[in-house]
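So the structure is just underneath, and the comments pick up after that.
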Amino acid sequence: MSNKGNALISVILIALGVVFIWLYDRDTLPRSIVMLCGLAFVIPAVISLISVFFAGKNSKRSSALRGIQMICGIGGLVLGLCIIFLPGIFRPLLVYPFAALLIFGGAFQIFQLSHKYRPVDYPAWMYLAPVLVLVA
């Protein structure tokens, strides 16, 4: 991925972090996280289905591959819509894995920064963001 793509992802993640801080409430934040998880299934599924239906006849994909892509797209769409419209069922299932990902992600970032065989020594302030992620 290019540096522009990394910068765009970083800006999007910062914006999401600001939105989560702004929406912080005992009821609103978990509902927003569950909604975003549902959208994380719906958006790629819709893109996948659109690419199946609008692929030209000269497409090099076999009919079996298009069928599998259609099944995966429909499955992702149904699962995403279920997560969005039934957040009460999925909230306990998604919040704890999300917390575990934050813990493991923060620990991994700290490990990456403190790895002894790196050619560059990072300053101490670079540890601030991974430690905050680990604490969150």
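What FRET efficiency, computed as 1/(1 + (r/R0)^6) with R0 = 35 Å and r the Cβ-Cβ distance, is obtained for residue 81 and residue 127, rounded to the nearest 0.05? Numbers along the way, then the final one.
Numbers: r = 41 Å, r/R0 = 1.16.
It comes to 0.30.
If R0 equals 35 Å, the separation of the Cβ atoms of residue 13 and residue 66 corresponds to a calculated FRET efficiency of about 0.55.
Any read-out appearing in this document is the output of simple, stated calculations on the displayed coordinates, not a laboratory observation. Please read all numbers here as calculations on a predicted model, not as lab measurements. Every residue, glycine as well, gets a Cβ built from its backbone with ideal geometry; the counts of neighbours run over all protein chains shown.
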